[in-house]
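Below: the structure, in C-alpha cells.
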Amino acid sequence: MTLPSWRDGKYGTKVRAALWLESEVGEGNIFTKAQLREAFPDVAQIDRRMRDLRDHDWTIHTRREDPALKQEEQRYVSKGAEVWIPGQAKTLKSKSSLTASQRTKVMMADSFLCRSCGIGAGESYYDGGQDSQLDIARRKVVLADGSVQVQFVTECNRCRIGGREREVDLGEVVSQVTALAPLERKVFAAWLEADGRKPSALEKLWGVYRTLPEESREAVKRAAANEEE
C-alpha cells in the first residue's frame, strides 16, 4: 500500500510527522531535531507533535531511553497505529507524558528507588559507568479479567532499556500469593509491609554451604541429617 505524502497539507501535523518518519527515516534509524525542524519549518511545536505519536504506540527513543544517542538525536524504533487512516488517530494507547506532580507521586510511592534493581538516584553502579538516573517506566499489566493496563513504575535508565517489553500477569501473581501456606503468607506480608527483606539465618547458612568444597558439603549434609561422622 502506497503511503500518502507527508507533505500533503490536508493532514494534521501529527499525521504528517508519522508519514515523514515512515517515508524519510525508516524504522531503526536515527534522525536529529534539526532534520525534523527543517522538514517542518512552519510548525512551531513539531517536537511536541512528534511526541504525541507515542500515545498511539509509536516508539521513538531519545538519549533518555538509549544512552548511545547524542543529545540532539532520536531513534525511530517502531511504528504504531497508522494515524493517517481515518479512525486510527482516535485510538490512544497510553498517555506519553506525566505532569511534574504525577511523576513525583509515582517516585514517592516507590521510595525514590528503581523497582527493578533497587538503586537510588545518583548512586554508582560500581562498573565505571555513569551514575544512575531515575525515570518513570510504563509497565503492561495483565489484570485478572484478562485486560491489559499500562501502569507507572520508577526505574533507572539501565533497567528501563532492558525491560521495555516486560509484561506482568497480575492475576498469576495474586494466585501464587493466595496459594501460600499461612506461615509463608505471614512472612511474605511482613516483607511487603517493610518493602524489603533481610536474608534469614537459614538463607545465610545456605549461601555459605553453596561455597564449600565437595568434601565439606558432605560433612554438612551428614550434620543436617543428624548422622555421626
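The values are calculated or read from the model by the stated rules, or taken from the named source; none is laboratory data. Predicted model only: the values in this text are computed from it and were never measured. Here the Cβ positions follow ideal geometry from the backbone for every residue, glycine too, while neighbour counts run over all protein chains shown. Note: accessible area is taken over every heavy atom of the protein model, side chains too, but ligands, DNA and RNA are not part of it. Shrake-Rupley method; radii C 1.70, N 1.55, O 1.52, S 1.80 Å.
Figures for the structure shown
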quantity	calculated
For segment 103-110, Karplus couplings with θ = phi - 60° (6.51, -1.76, 1.60), whole Hz, Gly/Pro x	4, 5, 4, 5, 5, 4, 4, 9
Mean-position separation - Cα centroids, segment 113-142 and segment 14-54, in angstrom	29
Among the listed pairs Lys10/Lys79; Lys105/Lys204; Lys105/Lys198; Lys70/Lys198; Lys10/Lys70; Lys140/Lys204, those beyond 30 Å (Cα-Cα)	Lys105/Lys204; Lys70/Lys198; Lys10/Lys70; Lys140/Lys204
Length gained when the stretch Gln149-Asp131 is fully extended (0.36 nm per residue, less Cα-Cα span)	3.4 nm
Magnitude of the charge dipole, segment 13-78, Cβ model with Lys/Arg +1 and Asp/Glu -1, debye to 20	220
Backbone HN-Hα couplings from phi across segment 212-223 [Karplus 6.51/-1.76/1.60, Hz, Gly and Pro as x]	6, x, 4, 4, 5, 4, 4, 5, 5, 4, 5, 5
For Lys10, solvent-accessible area (1.4 Å; no DNA, RNA or ligand), Å²	150
Karplus (6.51, -1.76, 1.60) ³J(HN,Hα), θ = phi - 60°, over segment 22-36, in Hz, Gly and Pro reported as x	5, 7, 9, 9, x, 4, x, 9, 9, 9, 10, 4, 5, 5, 5
Accessible area in the full protein assembly, largest first, 1.4 Å probe, for Tyr209, Tyr126	Tyr126, Tyr209
Residue order for Ile85, Ile60 - accessible surface, 1.4 angstrom probe, largest first	Ile85, Ile60
Exposure ranking of Leu36, Leu202 by accessible area [1.4 Å probe, largest first]	Leu202, Leu36
Among 27-33, 11-17, 220-226, 38-44, the order from most to least packed when residues are scored by Cβ within 10 Å on average	11-17, 27-33, 38-44, 220-226
Computed P(r) (all Cα pairs; segment 13-78; 5 Å bins; percent)	4, 18, 32, 29, 14, 2, 0
Relative contact order of segment 1-104, pairs being alpha-carbon contacts under 8 Å that are 6 or more residues apart, as %	28
Total charge dipole magnitude, segment 100-198, about the Cα centre, Cβ charges on Lys, Arg, Asp, Glu only, Debye to nearest 20	120
Mean Cβ count within 10 Å, highest first, over the residues of peptides 62-73, 107-118	107-118, 62-73
GluC sites (Glu not before Pro) restricted to DSSP loop in segment 146-221 with at most 12 other C-beta within 10 Å	Glu165
For the chain, fraction of C-alpha pairs farther apart than 34 Å, in %	38
GNM flexibility winner over the chain from Ser124, Ser216, Ser175 (Cα, springs under 10 Å)	Ser216
Semi-axis lengths (Å, descending) of the ellipsoid that matches the C-alpha gyration tensor of segment 100-198	26, 19, 13
